[in-house]
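For reference, the structure discussed in these notes is given below.
The values are calculated or read from the model by the stated rules, or taken from the named source; none is laboratory data. All values reported here derive from a predicted model rather than from experimental measurement. Every residue, glycine among them, receives a Cβ derived from its backbone with ideal geometry; neighbour counts consider all protein chains shown.
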Amino acid sequence: MTIVVFLASLIGALAIGVPVAFALIFSGIMLMTHMGIFDTQIIAQRMVSGANTFTLLAIPFFLLAGELMNAGGLSKRIVNFAIACVGHIRGGLGVVAVVAAVIMASLSGSAAADTAALASILIPMMRDAGYNVPRAAGLMASGGIIAPVIPPSIAFIIFGVAANVSITGLFMGGIVPGLMMAITLVITWMIVARKEKVAKLPKQSGAQRLRATGRAGWALLMPVIILGGIRFGVFTPTEAAVVAAVYALFVGMFIYRELKIADLYQVLVNASKTTSVVLFLVAAALVSSWLITSANIPAEIRGLIEPLIDRPKLLMAVIMALVLMIGMALDLAPTILIMTPVLMPIIREAGIDPVYFGVMFVMNTCIGLITPPVGIVLNVVSGVSRVPLGQVIVGIAPFLFAQVVLLFLFIMFPEIITVPLAYLR
C-alpha cells in the first residue's frame with residue numbers, strides 16, 4: 001500500500017503540472033501521513049541535511065566552469081580544432097559535432113549547455129553546406145547527451161550522493177561507455193548520411209592543423225588536468241570542480257581575452273540560477289529518499305522481482321527497460337533521485353557492481369533526454385536550430401535507436417565497462 005500512496009501522490013502532482021521538486025515534497029508528506037509520522041520539522045531537517053553535503057559543492061562549480069567556458073571562447077576553439085582534424089572527410093561536419101561533443105563533455109558535464117553551444121555554431125554551417133538539417137539537429141542532441149556520461153559529470157555526482165557510491169569510481173567508469181557512445185554516433189551518422197550530396201570542407205594543411213591545435217591547446221588541457229588530478233589523487237571531484245572553474249576563468253580572461261569583467265555578472269547569475277534549481281531538487285528528493293527507506297519500499301519491490309535476484313543480467317534488462325520508460329516522462333535528475341533509493345538495495349543484493357550500475361543508470365537517463373515527449377535536449381536543439389520539434393524527433397530516430405542498442409550491449413556484456421574500470425580505479 002505504501003508504494004501505491006507514494007506513486008499515486010507523485011504521479012498525480014506531476015500530472016497537474018506541479019514542479020518536480022514540490023511534487024517530491026508533496027509525495028513525502030502523503031507518505032508520512034500514511035505512516036502516521038507527519039512532522040514538518042522532519043521535512044525541513046531532511047532538506048537542509050540533504051543539501052548540506054560537501055560533495056554537492058561540485059555542482060555549482062562545474063556549472064560555473066561550463067558558463068565560463070562558453071563565454072570565454074573555449075567552446076569555439078574546440079569546434080575549430082575538430083574542423084581542422086576531421087572536417088574534410090565525407091559527412092565531416094557531423095563527425096566534427098561528435099568529436100567536439102566528446103571534448104566539451106570532458107569540460108562541463110551539462111548536456112543542455114553542450115548541445116546549445118554546438119548547435120549554435122555548427123547548425124548554420126551544416127545548413128549552408130546542404131546537410132539534412134533535422135538529421136543534423138538530431139545528431140547534435142545525441143552528441144550532447146554524452147556530456148553526463150564522460151567525466152566530470154553532474155549526473156554522477158547526484159547519483160553518487162543519492163546511492164552512497166564512489167564518485168571517483170563513477171567518473172572513471174564513464175570514460176569507456178562515453179567514448180563508445182561517440183563511436184556509435186559516428187558510425188550511425190556515416191551510414192545515414194552517406195547518400196547526402198553536401199559541400200565538403202577543404203582539407204587543411206599540417207600547418208593549419210597545428211595552428212588550430214595551438215589555439216585550442218589551453219581548452220584541450222583542461223580535461224587532462226581535471227581527470228588526471230582525480231585519477232592520481234591530487235584532488236577530489238569537488239576540488240576538481242573548483243580547479244575547473246578557476247582554470248576556465250583564467251584562460252577566458254587572460255589567455256583568450258574574450259571574457260570581460262563586465263561579463264562575469266551574467267555568467268554568475270546563469271550558474272546560480274541553474275545551481276539553485278538542481279540543489280533544491282536534490283534537497284526535496286532526499287526527503288522522499290529517507291521516507292522510501294523508512295517505509296521499507298525497497299523490500300516490497302524486492303518481493304515483486306525476487307525471481308530475478310539470482311539472474312543479474314535479466315534483472316538489469318528489466319530495470320533498464322523500466323528506467324528508459326520513466327526517462328520519457330521525467331528529466332535526468334528527478335529520475336536519478338527518485339529511483340536510486342528504491343533500486344540500490346536490490347542491486348547490492350543481486351551482487352551487481354554499484355559503479356557499473358551507476359554508469360548504466362546515468363547513461364539510460366541521458367537517453368531519456370532525447371526521447372519524446374519531455375526530452376529536454378530535444379527542446380534545446382529545436383529552439384537553437386529553429387527546426388520544429390517534430391522534425392527533430394524524426395531526425396534523431398536512428399541515433400536514438402543506436403544508443404539503445406549500445407545500452408543493451410552493455411547489459412549483455414558488462415565486462416566492457418567493468419574490465420577497463422578495474423584498471424582506471
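Key figures
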{"quantity": "Members of segment 242-276 that are without any contact (Cβ under 8 Å) to a residue 24 or more places away in the chain, of a type in the set (Val, Ile, Thr) and within 29 Å of Leu24 (Cβ to Cβ)", "calculated": "Val269"}
{"quantity": "Any helices (runs of 4 or more DSSP H) falling wholly within segment 1-108 and containing at least 3 residues that are within 26 Å of Pro151 (Cβ to Cβ) and among the small types (Gly, Ala, Ser)", "calculated": "58-71, 74-86, 92-105"}
{"quantity": "Residue tally, condition surrounded by 15 or more Cβ atoms within 10 Å (Cβ to Cβ), over 20 Å from the mean Cα position of the chain (by Cα) and closer than 17 Å to Gly87 by Cβ, over segment 170-195", "calculated": "2"}
{"quantity": "Single residue of segment 296-329 satisfying the filter (assigned to a loop (DSSP other than H, G, I, E, B) and either aliphatic (A, V, I, L, M) or in contact with a Pro (Cβ under 8 Å, 6 or more places away or on another chain) (or both)) that is modelled with the highest pLDDT", "calculated": "Ile309"}
{"quantity": "Selected residue (only one of Ala284, Ala271 is crowded, with 17+ Cβ neighbours inside 10 Å, modelled with pLDDT of 80 or more and over 23 Å from Met360 (Cα atoms))", "calculated": "Ala271"}
{"quantity": "Count of segment 26-73 residues which are more than 30 Å from Ala245 (Cβ to Cβ), out of contact with any Lys or Arg (no Cβ under 9 Å at 6 or more places or on another chain) and buried (at least 22 other Cβ atoms within 10 Å of the Cβ)", "calculated": "2"}
{"quantity": "Subset of segment 357-388 [surrounded by fewer than 18 Cβ atoms within 10 Å (Cβ to Cβ) and either among the charged types (D, E, K, R) or within 9 Å of Pro134 (Cα to Cα) (or both)]", "calculated": "Arg386, Pro388"}
{"quantity": "Tabulated pairs, segment 102-116, first modelled with pLDDT of 75 or more, second part of a helix (DSSP H, G or I) and small (Gly, Ala, Ser), C-beta under 6 angstrom, 6+ apart or interchain", "calculated": "Val102/Ala182; Ala111/Gly144; Asp114/Gly144; Thr115/Ala141; Thr115/Gly144"}
